[in-house]
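One structure is given here, and the rest of the page talks about it.
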Amino acid sequence: MSTQSHTARQAELKRQSSGRLMIFGFLSPTLAILLFMVAYPIFSLVYYSFFNFSALRQTTMKPIGLRNYEFLLSDPQLWERFVFTGKFVFICVTLQMLIGIFVGYQLQKNFKGRDIVFTALMMPMMLSPVVVGFLWRYMLNSEWGIVNFLLYSVGLPKVDWLGQANAALWAAAAADTWMWTPFIILLATAAFRGIPETIYEAAEVDGASPTYKFFRITLPMAAPVLFIALILRLIDSFKQYDLFVALTGGGPGTATETVSFAVAKTAFSYFYTGEASALAVILLVIIIGLSMILVRHLQKLGERY
Amino acid sequence: MNKPLRTRLLTSAAALAAGLAASSGAARAVDLTFVWHAGTCADALVEISKDYPDKSVKIVPALVPYGPQWHDKIASEFAIQGDAFDFAMWDSQSTAEFASHAVKINDIFDKSEYLKADIFPPASLSRYGEYPDGSGEFFGLPANQDAYGLTYRKDLFEDPKEQEAFKAKYGRDLAVPQTYQEAKEVAEFFTRPDQGLYGWAQMGGRDYDFATTASNSFLWSFGGELYNPETFEVKGYLDSPASVDGVQAYVDMFKFGPPGSTNWGFDEVNTAIQQGQVAMAMQWFYFNGSNADPKVSKFADKVGFAVLPGAVGRDGKFRRQFSVGGQGMGINKYSKKLPELTKFMEWYFQPEQQKRYAAVCQTGLKSVLESPDWQNLNSYNAQFSKALAYLNDYWHLPEYPILLDELQQEVSAAAAGTKTVQQALSDAAEKNERTLERAGYEIKRGETTPEVPDQNISPVGQDKVVPVE
């Protein structure tokens, strides 16, 4: 009897291990690609951040420990860029979420021409950020741009949108909001339409007002999806670079240089490869930290609803 | 072997032979890829190259917009020692940065029967290809020369009513200005926002070199300097009283420009010229082809072209100095097609091809530049040839893009009014010195710094205003 049970256990173990082997066999190509595509660049980034090194000016790589980090973190200009990036992210994400949720809520209702309106609203999102940057640059031209033309035609003074630091921030936020609000609309509409109709019917039976239904049913039920949209927009706005290249070039002065703009400039214009790597590591740590906090909140939301 | 099988085998063998022959023909085909910023001159090169007699060679453009992307595309390829392009046009001041990745042109001069240094004006060859300065070592050929110039509304300057009104107000004749002091008065005179007319347009944008190519022209003319190339001092030179005078004069000229022009690039300046919105504009000769073309500009027949003004500095000396533009043609030393490229360049730099190029852009070939045909080809070539005598350039150092960006940040801030000119130039000097020190330059600090740095560094000051007709 015991011999039989031993044999059965052995057969079971063999079956399990061959199953694990098969799982590993299937996963290994993907794992290898991931290691090569993600782990290796991150490892290189961290490694190069400890060197004084330029990929273009081929002098010897000099190990300098944490000096790149010390230099960057003691540079007041970097903190100015973080502050600017923070302001930009806050304005953009707030506007995009508010407008996106409002429009998404309207678009969940069935009305004639809804699909055409929906498709038209998605168009800005399909453009490249550089194209959007140039488009807005021409529209905001102080002398012959359409925006100032409209202001002037209703008796308002022309604004030097891209030549003044504060105005340039709002100009960039407007361009980013124009481009990315459709993304929030897309997700919000999908989330709102996914809420079962029976819940609304029950609320109506109980005499719930439209405002009550929106704040107590629609928003909470759509919260996990909206939160994902928020996370994606936060991360994406934080990395914004190409829009600024085309729209302001980082100016006036350094007023509209985001942290990502500084990374790209340090890496590919200055070719301070070591310093750029250190800056990218700092940015990576911040984004990972931010994402982890938000994902934890998302999990809590998921458990609640 | 039966007959049908033999026929099939013979047919297959013939097809294989034909295939092999075709593939060996295809293997001989060579693509020579070049990087440049998109525009008329790049289009001209492509168009001319279509007539290259060796049809197995094809010139392939890899064009990018003017600005940092153009520099970064070349630099990134050099950084990985790649051969995605075979030759490139880069700014004169980039030669120092790219020299270690470029083919030394002296080697081509030694081997080629036609391509020799003496087919180019020595100053042009030096400007677009020599590194270090005065070394006799070249890493580029003067493919596309350019200079800053003055574009003005002839119809306004020649209007008797305007002439009379100007004389009554300023006590002198209305004429193309020879100094920035005169230009300021003329600009003020024509600034009439109620008529949609402004006196002056210039670049002030933060992008690439927009603001500083313009501000440097003022800075040098007032006797300022970017740095001392012998001691590597920047403080006391870039923010010297004469440099501040120059950049202040540049910033002041925005008062006579269209609102918001502090962030303009060349596109906006061109539009202002082509719409007749400004009486005078500081613009590259490169764009005069379109500004003088009636198909492009409504004011094509009403604009005139001149050499930019100079200035009388605080030491009473007159100087006329402005930014060099244009690009040299350099060869990627990682390219594997040097023999084909050399043959193409020997053909391309022949007078026949360069005459075609000079019809739309500015050639660097001496025989074409010296010919009366070229001088009279259009309304601006004669002025361009005069302008070549007054050119000055940025730092010829490998750290150029960093130094440039630092100066751009500060001059752009001064133009936007967020910093005073003195503060902006002092901050730029501080940053530039830090960059030079990081790169290993030893800054030898002198006991004093000059009020007018040009007096100490390659002086060009003259005792009186020397007009250019």
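Taken together, the values in this text are just the output of simple stated rules run on the coordinates, not laboratory data. Here the structure is a predicted model, which means the values were calculated and not measured. No Cβ is skipped: glycine too gets one built from the backbone with ideal geometry, and neighbour counts run over all protein chains shown.
Between helix B:210-221 and chain B there is an angle of about 50 degrees, using the helix long axis and the longest principal axis of the Cα atoms. With a Förster radius of 41 Å applied to the beta-carbon distance between A:Trp144 and A:Leu290, the computed FRET efficiency rounds to 0.50. Going down the list B:Lys184/B:Lys464; A:Lys87/A:Lys239; B:Lys73/B:Lys336; B:Lys55/B:Lys337; B:Lys169/B:Lys302, which pairs span over 21 Å between their C-alpha atoms? Correct reply: B:Lys169/B:Lys302. Direction-averaged projected area, Cα convex hull, the stretch A:2-48: 4.4 nm², rounded to one decimal. Placing a pseudo-label 7 Å from each Cα along the Cα-to-Cβ vector at B:Val60 and B:Arg192 gives an inter-label distance of 5.6 nm. If I take R0 = 56 Å and measure r between the Cβ atoms of A:Phe102 and B:Ser371 in this structure, what FRET efficiency does the formula 1/(1 + (r/R0)^6) give, to the nearest 0.05? Calculated value: 0.25.
Quick one: compute the contact order of the stretch A:22-77, relative version, from alpha carbon pairs under 8 angstrom and 6+ residues apart, as a percent.
RCO, the stretch A:22-77: 22 percent.
Assuming charge only on the beta carbon of Lys and Arg (+1) and of Asp and Glu (-1), the dipole of chain B about its Cα centre is about 1720 debye to the nearest 20. Here the stretch A:70-304 is treated with +1 on each Lys and Arg Cβ and -1 on each Asp and Glu Cβ, and its dipole about the Cα centre works out to around 440 debye. Report note on the peptides A:224-232, B:237-245, A:182-190: ranked by the mean count of other C-beta atoms within 10 Å, highest first, their order is B:237-245, A:182-190, A:224-232.
Toward the positive end of the charge dipole of the stretch A:70-304, with +1 on the Cβ of Lys and Arg and -1 on the Cβ of Asp and Glu, the farthest Cα among A:Ala262, A:Thr198, A:Tyr241 is that of A:Thr198. Summing +1 for each Lys or Arg and -1 for each Asp or Glu, what net charge is found among the other residues whose Cβ lies under 13 Å from the Cβ of B:Lys317? Cβ neighbours under 13 Å give a net charge of -1. Each label point was placed 7 Å from the Cα along the Cα-to-Cβ direction; for B:Ile443 and A:Lys300 their separation is 5.1 nm. Neighbour counting of Cβ atoms within 10 Å sorts the residues B:Ile273, A:Ile195, fewest neighbours leading, into A:Ile195, B:Ile273.
Could you run the Debye sum over the Cα atoms of the stretch B:402-452, one equal point scatterer each and no solvent, and tell me log10 of I(q)/I(0) at q = 0.20, 0.24 Å⁻¹, two decimals? Per q value, in the given order, log10 I(q)/I(0) is -0.75, -0.92. By the beta-carbon count within 10 Å of each Cβ, the least crowded to most crowded order of B:Asp267, B:Asp209, fewest first, is B:Asp267, B:Asp209.
A:Tyr212 to A:Phe90: FRET efficiency via 1/(1 + (r/R0)^6), r the Cβ-Cβ distance, R0 25 Å, to the nearest 0.05? It comes out at approximately 0.30. In chain A, helical runs assigned H by DSSP with n ≥ 4 each contribute -39500 (n - 2.57); averaged across all residues and rounded to the nearest 500, the mean residue ellipticity at 222 nm is -23500 deg cm²/dmol. Subtracting the Cα-Cα distance of B:Ile457 and B:Ala300 from 0.36 nm times their residue separation leaves 52.5 nm of extension gain. With the convex hull of the Cα atoms taken as the outline of the stretch B:294-362, the averaged projected area works out to 9.5 nm².
What are the DSSP H helices in chain A that stretch 20 Å or more along their long axis, judged by alpha-carbon atoms, and whose average Kyte-Doolittle hydropathy comes to at least -1.0?
A:2-34, A:76-107, A:165-193, A:219-238, A:273-304
Sorted largest first, the principal axis extents computed over the alpha-carbon atoms of chain A equal 99, 76, 31 Å.
Cys residues of the protein assembly as shown that find no other Cys beta carbon under 4.7 Å: A:Cys92. Candidates B:Asn106, B:Trp264, A:Ile293 compared by Cα position along the dipole of the protein assembly as shown: farthest toward the positive end lies A:Ile293, with charges placed on Cβ. When the alpha-carbon atoms of chain B are used, the pair Rg, Dmax equals 25.4, 108 angstrom.
Put a dot 7 Å past the Cα of B:Ala389, heading toward its Cβ, do the same for B:Ser76, and the two dots end up 4.4 nm apart. Taking the charge dipole of the protein assembly as shown about its Cα centre, with +1 at Lys and Arg Cβ atoms and -1 at Asp and Glu Cβ atoms, the residue from B:Met253, B:Val46, A:Phe111 reaching farthest to the positive side is A:Phe111. Cut-off 20 Å, label point 7 angstrom out along Cα-to-Cβ of A:Ser44: give me the residues of the stretch B:61-83 whose amide nitrogen falls inside. Of the residues in the stretch B:61-83, B:72-83 have backbone N under 20 Å from the label point off A:Ser44.
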